[in-house]
Amino acid sequence: MVFHSILFEKPEDGPKRDDVPEPDFFGDLNLDQIVSAVTIGWNDYNLKPFFYTELSREEAITYRHEVMQDLDDAVVLDSINAFTQGMRKMREHLAQAEKLRYRLQKEWWFLEAIVVYCETLAAFARDLPLAPPTSKGLRAFHQYLTGYVASERFQSLTHDADRIKKHLSAIQYCVLIKGNAVTVRHYDAEIDYSVDVLQIFEKFKQGAVKDHRVELRDWLDMNHVEAHVLDFVAQLYPQEFMELATYCANNASYLDATIRTFDREVQFYFAYRGYINICKAADLCFCYPRVSSSNKAVRCDETFDLALAHKLTSENAYVVKNDFHLDGEERLIVVSGPNNGGKTTFARTFGQLHYLARIGCQVPGRNATLFLYDRLFTHFEREENTKDLRGKLQDDLMRVHHILTHATSRSVIIMNEIFSSTTLTDALFLSRKIISEILERNTLCVCVTFVKELAHLGEQTVSMVSEIKPGNPSSRTYRVRRKAADGRAYAVSVAEHYGLTYDHLKERLGL
C-alpha cells in the first residue's frame, strides 16, 4: 500500500483546501465547544480543518479506527510521541535560527535542526517496529519511513551534518584581551590553568556556606563583540565554515513533505485522545462505532453529551447516561416531557454521535451502531432578528424549507422545539406536514417538541420522554426513556412551577 496520509486513506477523502469552514450545525450541537477544547494547545498544527472534514466512506472511517487502536499500544504510542517531540525540538531550532541576526550563528542552529531531524527519524524507524502496528495507515507509513531513512538522500543529509558538526565542535582558539583590543588566534597548546585555580581555592572551603555566585544565563543572541570574535574564528578556519554555509544552502528544503504531513496529522489522534481521556478517567465509556451507509437501524447504550460531560467531569459532577435505538422501519424519535429535563441535551447527543462517527472518532457510549449520513441538518430555536423584518414563525418556516430542499433519504435531521412562537393548533398542523415529508423520504430525524401528538404518527415514529423523579414532578432525572408520551409529567411540572396545582389553589383560596 502506498502511503498517502495517516488521516485520509485516499486523496479524495481529504479536504480540497486547508481553510475548511466550520459546519453550520456546529453551534446547535455544541460541537464548536468540543473542537475548541480538543485543539487548545495544538495551535501550531492547525487541526480544526481536520475536525471540520467529514468522511463519506465506511473504509475511510475504519482506516482511522485502526490507527486509533494501534495508539492504544503503549510501545507504539511512545515511539510516535518521541517522534513528535523530536520534530517539535527541530522546529524550535529553526525558529531560533530565524530570530538570530548573525549569519554564522543562524547557520549553526539550522545545522542543529537538521541533526535533530535525522536523529529523530532514525530512532523512529528503529523503534516503531518494536510493537508492529496492525493498522493499514501505520504499516504503510513505516514502510515509507524505512525507505526514506535508507535512501541516499537521507543518508547523505545525516552523514554530512554529523561530519560538519564534529569538525566545528573540534575547533579551539584563543582570545587575547588587552584594553580595548581583542585578538583571536589559533590555539597553540597553551596550558589550561582553570583546574589548578580550582584546586588552590579548594582548601578555603569551610563546610556548608552561603553561595554568593550569580547564575548568568547563556544568551543565545550575541553582542557585536562576540559576533566579531566568531567572524575572526571563521577566518582562522575557513574550510569548516565554508562547508557549513554550503551545506545550509544546499539543504534549505531538507524537510520531507510526507514526514511533515504525518507530524501534523497524527496530532489529530493525540488531541482527541487527550480530550476524551479526561472523561475516561471518570469511568465514562467510549467505543468505536459500527457505521453503515445502508442500514438505518441505529442504537447507542450509555451515551452522553460529550461537551457537557467534559465540563461536568472537570467539576467532579455526575454525568447522566442514556440509551436509544431505532429498529426496522423506525426513523423518527419524538422527544417530549417537562422543560429542563434533558430533551435538548439528548438531541445534541444524537447529532454529536453521528458527526464524531463520521470523522472516524471514538464516540461516547458502551457500544454504538450509527448511520453514515450524507448531510446533517439542525433546526434549533433562534432569537428573532429585528433587522431582517421577518417574524419568528416566518424565519422558522424558511429554515425548514431550506432543510427540506436539500435533505435526502440519507440525511439526518435534528429539530428542537420548532414553531414554539405560534399556537398549539398551528404548531401541530405545521409539524405534521413537515414530519410527514421527512418520513416519506425515509430520513432519520430527532424532533424535540412540546406537542405530544407528534409521538403518535405511525410505526416509523418512536416516542421518548424525559423523566421526572417519582413523587416529585418538579425534580428532573435527565434520563430520556423510550415510552409513550401522555403529557402528564409536563403538565404537572408546569402547574407545580406556577403554583397552579389543586393543592396550591386550595391553599391560596383558603379552602
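Things worth noting here:
- Scanning the range 100-111 turns up at least one residue that is surrounded by 11 or more Cβ atoms within 10 Å (Cβ to Cβ), over 38 Å from the mean Cα position of the chain (by Cα), not in a strand (DSSP E or B) and not aliphatic (A, V, I, L, M).
- Sole residue being surrounded by 12 or more Cβ atoms within 10 Å (Cβ to Cβ), in contact with a strand residue (DSSP E or B) (Cβ under 7 Å, 6 or more places away or on another chain) and either at pLDDT below 80 or aromatic (F, W, Y) (or both), chosen from A489, A495, A455, A485: A489
- Qualifying residue in the range 259-267 (condition: closer than 30 Å to G147 by Cα, buried (at least 18 other Cβ atoms within 10 Å of the Cβ) and aromatic (F, W, Y)): yes
- Count of residues meeting criterion [within 17 Å of D72 (Cα to Cα) and loosely packed, with under 15 Cβ neighbours inside 10 Å] in the range 130-149: 3
- Test: residue in the range 118-134 that is aromatic (F, W, Y) and not in a helix (DSSP H, G or I): no
- Looking across L94, L71, L55, one residue alone is surrounded by 15 or more Cβ atoms within 10 Å (Cβ to Cβ) and closer than 30 Å to Y247 by Cβ. It is L94.
- Inside the range 324-363, residues that are among the charged types (D, E, K, R) and not in a helix (DSSP H, G or I) make up a count of 4.
- Looking only at the range 359-402, residues that are crowded, with 16+ Cβ neighbours inside 10 Å, among the β-branched types (V, I, T) and modelled with pLDDT under 95 come to 1 in all.
- Filtering the range 273-331 to residues that are in contact with a His (Cβ under 9 Å, 6 or more places away or on another chain) and not assigned by TED's automatic domain parsing to the domain that holds V480 leaves Y275, I276, I278, C279.
- Screening the range 327-355 for residues that are free of Cβ contacts under 8 Å to residues at least 60 places away in the same chain and under 30 Å from Y269 (Cα atoms) and picking the one that is surrounded by the fewest Cβ atoms within 10 Å (Cβ to Cβ) gives H354.
- In the range 157-186, the qualifying residues are those that are among the hydroxyl-bearing types (S, T, Y) and under 54 Å from the mean Cα position of the chain (by Cα), and the one that is nearest to A122 (Cα to Cα) is T158.
- The residue of the range 4-43 that is nearest to I61 (Cα to Cα), among those that are surrounded by 13 or more Cβ atoms within 10 Å (Cβ to Cβ) and at pLDDT below 95, is D13.
- Of the residues making up the range 132-153, those that are of a type outside the set (G, A, S) and either closer than 23 Å to Y237 by Cβ or without any contact (Cβ under 8 Å) to a residue 60 or more places away in the chain (or both) number 6.
- Within the range 403-428, tally of residues that are in a helix (DSSP H, G or I) and either surrounded by 13 or more Cβ atoms within 10 Å (Cβ to Cβ) or in contact (Cβ under 8 Å) with a residue 60 or more places away in the chain (or both): 4
- The set of residues from the range 224-253 being surrounded by fewer than 17 Cβ atoms within 10 Å (Cβ to Cβ), under 17 Å from A97 (Cβ atoms) and of a type in the set (S, T, N, Q) comprises T246, N250, S253.
- Flag if C361 is touching a helix residue (DSSP H, G or I) at 6+ places or on another chain (Cβ under 6 Å) and not acidic (D, E): yes
- Elements of type helices (runs of 4 or more DSSP H) contained in the range 177-256, each with 1 or more residues being at pLDDT below 90: 194-202, 224-236
- Filter result for A161 (at pLDDT 95 or above, over 30 Å from G360 (Cα atoms) and part of a helix (DSSP H, G or I)): yes
The values are calculated or read from the model by the stated rules, or taken from the named source; none is laboratory data. Remember, it's a predicted structure, so these values are computed and weren't measured experimentally. We place every Cβ from the backbone using ideal geometry, glycine too, and count neighbours over all the protein chains shown.
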